[in-house]
Amino acid sequence: MVRMKRGYKRTKAKGAKGTKAKGTKTTKTKETKETKETQSKTQAKTQAKAEGTKSKMQSKGTKTTKTKETKETKETKETQAKTQANKRKLLTPEVKVTPEQEAKLRQLWGLLLDAFKFDAAEVAAAPPQDPGAAAAAPGSRGWRGEGRDGAPASAPAPAPAPSNHQVDVGQRSVNQTLASQLRQTWLSMLKQENPDALLLRFLRARKWDVAQASAMLVNALVWRYTQARVDDDILPRGEPWCAQKERNGVGGERKDSGEFLAQFRTGKVYLRGVDRRGRPVGYIHLAMHKPGAQSQATLEKLVVQTIETARCLFIAPPNEAFCLVLDLTDFALSNMEWQPARYIIQAFEANYPECLGSLLFYNAPWIFSGVWRILRGLLDPVVASKVDFTRNLDELEKYIPRENIIRKLGGGDNWGYTYQEPSDDEDAYIARSGEREKIQAERQEIAGRFLAATQTWIKHKVAGEHKEAIAQEHTRRAEIEALRTNYWRLDPYVRSRTYLDRAGIIGPGGTIEFYPDRKVAARILVEDGKRVRDGASGEMDVVVYQEIEVAS
């Protein structure tokens, strides 16, 4: 267009001279003719140039496309290579470890499989398990030697363990009976968690010393089965069971049940919300504790049930620990009781390692300094490193968002603890032994396939057979997910309902809602100053007008 404009100007200037010599009419005719010829030539040149440019651009574009495709192909290959490398480091979609840590984990799995006396070939050749075998297997006994349905247990008595519950795995002192008990207890201890994550906690607690981690894990299993009887007594005989015994029981059974429920009714200890890292938060109001008002056995049961309930809230790694806030407001020396304190310390150090993410002492008075000097001497350095003193709300807010701190401590969580009594039929599933045994038999089969894949995975890794090892990793992931899904089907049959279940925090199928009261508050809406309800759900209107906060 620029060249055409210049050509027009030159033509016009030339025609201007002709106007003086030959007259206006001739000049106009000549000017019009020359102008048209000039425009025609200019357009032809412009079109030819445009076609040439287009051809060059097409040629250049082809080269660019080929270069781009080559680059994308190269990037795809690099991405695939990185993915394959990550697969070697990624044991499951949830647990990430370094190659060195993975090697330690393989070693620990090897020792544990030896303790279980597990053989993948035997699992592959074994016929499907009889559902009744799950009930008769070690670990299915009930409280005081009874089955969960109240009948005498058919399981054999546990093999006697050493008095201090130490098991020497390194010297192959685990006999077949104990090996079977260890495997059954491990499966019960696993719950919905990732098996690799469970073992990694013991490795971290022992600073990646495989032998020490193995001994610690086996001893924790023996403690769980022979001493604490977590899966036979504490978990299936919780709040609903105690409520029935408090009304209809006799003697010590009635007294112990009342004492246990009193711990919840007073609001001394409970779980509420999450901290900044998404971990469940537990609160203990120490000023509410009255030494001598309950037995040591009752307090031990409370500690174990609280930890086990918190573990139900471990959705996935890295969320596999919880934050514990010890509220010392109005604390006096008369509230201090040393024996339960030692039990809590021992539980976190020996039996639930790395389950305590943070221990926060809140608003400690000066008289607590002497208590802390003694407590600090009892703590393992790993646990002691997780302790912090928060003197006020601002310091506590470093760990827990202000809106998640309960109002009792001055936070923005407008929630107050109120205990909801259990109903008579809450634990109806626990009595359905036939259904429970069927699900347990399925769980045993899934666990067998997982352990077989783990044993094969270790062999391929040692032999440097990476493709085969990756294939086994995929199998392990599938079985881990199957174990998780199976547990939540089994959960109502083996775990007594708690106030978290009644409050909707733990829902069917393992759904977790840390703040169900906030969800309800957000669903109650205002229209023209009146509360409205949705016809479909009966709880909310389709159109959101104005949200109002509702006290729980």
Under the 0.36 nm per residue contour assumption, what length would be gained going from the current alpha-carbon distance of R373 and A471 to full extension? 30.0 nm
Theoretical gain in end-to-end length, A287 to T266 [0.36 nm per residue, Cα-Cα removed]: 6.4 nm
Just the number please: accessible area per residue for the stretch 306-443, 1.4 Å probe, all protein chains included, in Å². 46
Do any of K245/K386; K207/K461; K191/K398; K438/K519 go past 27 Å between their Cα atoms, and which? K245/K386; K191/K398; K438/K519
Would you report the distance distribution of C-alpha pairs in the stretch 412-472 as whole percents per 5 angstrom bin, up to the bin with the largest distance? 4, 14, 11, 9, 9, 8, 9, 9, 10, 9, 7, 2
Efficiency by 1/(1 + (r/R0)^6): what FRET value for W338 and Q176, r their Cβ-Cβ distance, R0 = 45 Å, to the nearest 0.05? 0.65
Computed from the beta carbon distance with a Förster radius of 25 Å, FRET efficiency for T511 and E481 to the nearest 0.05 stands at 0.95
Mark the label point 7 Å from the Cα of D119 along Cα→Cβ and return the residues of the stretch 184-215 whose backbone N is within less than 19 Å of it. 184
For an R0 of 22 angstrom, estimate the FRET efficiency from the Cβ-Cβ distance between T226 and R489 and round to the nearest 0.05. 0.20
How many nm separate the modelled label positions at A431 and S385, each set 7 Å beyond the Cα in the direction of the Cβ? 5.0
Using only Cα atoms, what is the ratio of the radius of gyration of the stretch 230-379 to 2.2 N^0.38 Å? 1.07
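The values are calculated or read from the model by the stated rules, or taken from the named source; none is laboratory data. What you see is a predicted model; the values in this text were computed from it and never measured. So basically every Cβ, Gly included, is an ideal-geometry build from the backbone, and we count neighbours across all protein chains shown. These accessible areas exclude ligands, DNA and RNA; they are computed on the full protein's heavy atoms, side chains included. Shrake-Rupley method; radii C 1.70, N 1.55, O 1.52, S 1.80 Å.
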